[in-house]
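Beneath this line is the structure, given in structure tokens, with notes to follow.
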Amino acid sequence: MRELAIGTACALALFLLLQGVNVLPFVVLAALVFALYRWIGIPGLSVRRFVPLAPAERNEGVTFDDIGGQGSAKQELLEALTFVTEAERVRAMGIRPLRGILLVGPPGTGKTLLAKAAATATRSVFIPASGAEFVEMYAGVGAQRVRELFRRARETARRSGRSSAVVFIDELEVLGGKRGRHESHLEYDQTLNQLLVEMDGIRGDEEVYVLVIGATNRPDLLDEALTRPGRFDRVVRVELPDREGRRQILELHTRNKRLAEDVDLDEVARETFGFSGAHLESLANEAAILALREGEEAIRQRHLLEAVEKVIMGEKLDRRPTEAERYRIAVHESGHALVGEWLDPGSVASVTIASRGEALGYVRQAPQDDPYLYTQEYLENQICRALGGSVAERLVLGSASTGAASDFDQALSLAERMIDAGMTRLGVVSRETLPPALRHRVLSELMAEMESRTRAIVEENRERLERVARELVARERLGGGELRQLLELPPPAAEAGAGDR
Ligand code: ADP
């Protein structure tokens with residue numbers, strides 16, 4: 001229909017042109033009207049599609065094998081997908097078709113990858129969208145786009161001879177936030193309502209089965225209507241990968257890269273606690289760039305380890321601190337490292353004073369296993385470790401600096417956790433009924449105790465600390481092994497005061 005109109009218009013314009021009529025004003029006018037119609041929409045005019053959606057993206061053949069870690073998420077998702085792969089049987093059993101799966105987890109953990117793999121596994125077309133695309137100032141546009149999305153999913157599947165489509169909506173909370181909360185709430189409500197209508201319309205016996213996969217990091221913001229049975233029925237949690245998961249992801253992203261003999265991905269995985277899959281992908285890329293810059297043929301372990309820091313802290317800063325500042329930073333970081341090693345030998349992975357991003361320097365810990373819960377001893381040690389920097393500054397340089405502010409925040413929040421977990425002299429307390437003054441007093445006592453414990457450690461090892469600080473100024477970075485060599489701490493068992501450690 002549209003093609004016919006365009007064709008006729010072109011023919012008419014050509015005809016008039018040949019007749020010697022000046023058609024330019026008509027063409028300009030037509031272009032203007034078309035632009036207005038397409039981008040803004042004309043109020044009151046019911047147009048089927050005046051806003052183009054992102055072109056249907058192919059799922060690039062991503063399979064579940066291309067996703068590292070996420071064992072339980074994959075398992076749950078695969079189970080849910082039998083609804084699609086065995087739609088006939090499901091229907092025969094009178095089971096309601098599965099309409100929506102919600103992937104919940106932090107950014108960069110592979111939710112999009114999982115949705116793509118789900119499309120591949122079910123031989124579905126993959127139609128991606130983001131919640132933000134549906135939010136417009138003009139009433140009705142969002143709802144229109146939702147309708148268009150589902151229509152396009154069905155049409156694309158039909159055209160490519162598939163019997164199912166996966167509609168992937170990233171940042172679902174933007175589109176599916178609780179109703180009545182937004183300023184232009186009418187628009188939001190209409191958009192969300194349209195999504196509900198579309199989902200309710202999925203019966204499972206149409207020509208094309210549409211499965212909606214939503215992704216969000218904030219399930220708490222979603223309107224309850226979305227999580228009600230029959231809509232996003234399945235919730236699959238996609239967590240940050242654990243050590244084994246991180247190793248698998250690193251393997252996947254170094255598959256197409258040349259690795260030197262000395263590369264130990266296990267070690268890199270251990271050093272990257274808290275990294276998401278996207279961070280690890282970027283790490284592998286950074287390591288390759290570093291190797292290239294050094295003119296190496298293959299990526300070496302040191303490239304990977306340097307890339308870890310690069311990803312954490314961003315690019316190296318151009319502005320370098322002065323010599324005096326550098327020594328202060330070195331003392332501060334050595335303080336953290338010394339206390340860390342004293343309390344938990346072998347726990348420091350590296351210490352650096354190279355300024356990157358926001359931090360002036362940092363000590364990285366190497367957790368042996370990702371902990372699920374924390375003991376009182378662990379929390380106390382962490383507080384001492386956090387205080388180690390400022391205590392060292394005061395002891396060695398005679399004064400503290402503003403560099404310790406975030407350490408104090410960390411120490412305080414750990415101390416708050418201890419109070420809430422009933423680990424202080426107050427015993428088990430209720431957060432609500434505990435008088436703020438008492439809470440403050442106990443917090444101060446706890447911090448004072450931890451500080452004096454930290455001071456004792458630093459005083460006893462002052463020479464060692466200064467040795468490390470000097471070396472740090474010279475070399476900027478010390479690996480865990482190098483640090484331990486420099487510190488020469490006596491083995492814990494041989495120490496008379498081993499109880500302290
Ligand atoms: P999300 O949708 O959760 O924000 P993505 O799926 O878009 O995350 O992941 C972004 C990128 O990070 C992917 O393209 C991939 O390179 C990498 N990535 C994330 N998680 C994984 C994983 N589990 N396995 C392999 N690569 C991953």
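Computed from the coordinates by the stated procedures, all read-outs in this text should not be read as laboratory data. Everything numeric here is computed off the predicted structure, so don't read it as measured data. Methodologically, a virtual Cβ is constructed for each residue, glycine included, from the backbone with ideal geometry; neighbour enumeration extends over all protein chains shown.
List of remarks:
- Gain on full stretching of the segment that runs from Thr63 to Phe408 - 0.36 nm per residue minus C-alpha separation: 119.7 nm
- Relative to one another, the C-alpha centroids of segment 333-354 and segment 376-417 are positioned 13 Å apart.
- Order of Asp233, Asp407 under a 10 Å beta carbon neighbour criterion, fewest first: Asp233, Asp407
- If only the Cβ of Lys and Arg carry +1 and only the Cβ of Asp and Glu carry -1, the dipole of segment 391-501 around its Cα centre is close to 80 debye.
- Quarter of the Cα convex hull surface for segment 389-501, i.e. its orientation-mean projected area (nm²): 9.1 nm²
- Under conditions of 4 °C and 1.567 mPa s, segment 138-293 yields 69 µm² s⁻¹ as its translational diffusion coefficient, taking Rh as the Kirkwood radius over Cα pairs in the Stokes-Einstein equation.
- Mean Cβ neighbour count within 10 Å, used as a protection proxy, ranking 121-128, 383-390, 71-78 highest first: 383-390, 121-128, 71-78
- Extension gain for Arg417-Val27 works out to 133.4 nm (0.36 nm per residue, less the C-alpha to C-alpha distance).
- Among Tyr378, Tyr209, the ranking by other beta carbons within 10 Å of each residue's beta carbon, starting with the fewest, stands as Tyr378, Tyr209.
- Viscosity 1.567 mPa s, temperature 4 °C, Stokes-Einstein D of segment 245-319 from Kirkwood C-alpha radius, µm²/s: 106 µm²/s
- When only alpha carbons are used to place a centre, segment 227-242 and segment 60-78 end up 14 Å from one another.
- Distance between modelled label sites at Asp205 and Leu12, nm, 7 Å Cα→Cβ extension: 4.7 nm
- Segment Thr85-Glu261, length gained on full extension (0.36 nm per residue, minus Cα span): 59.0 nm
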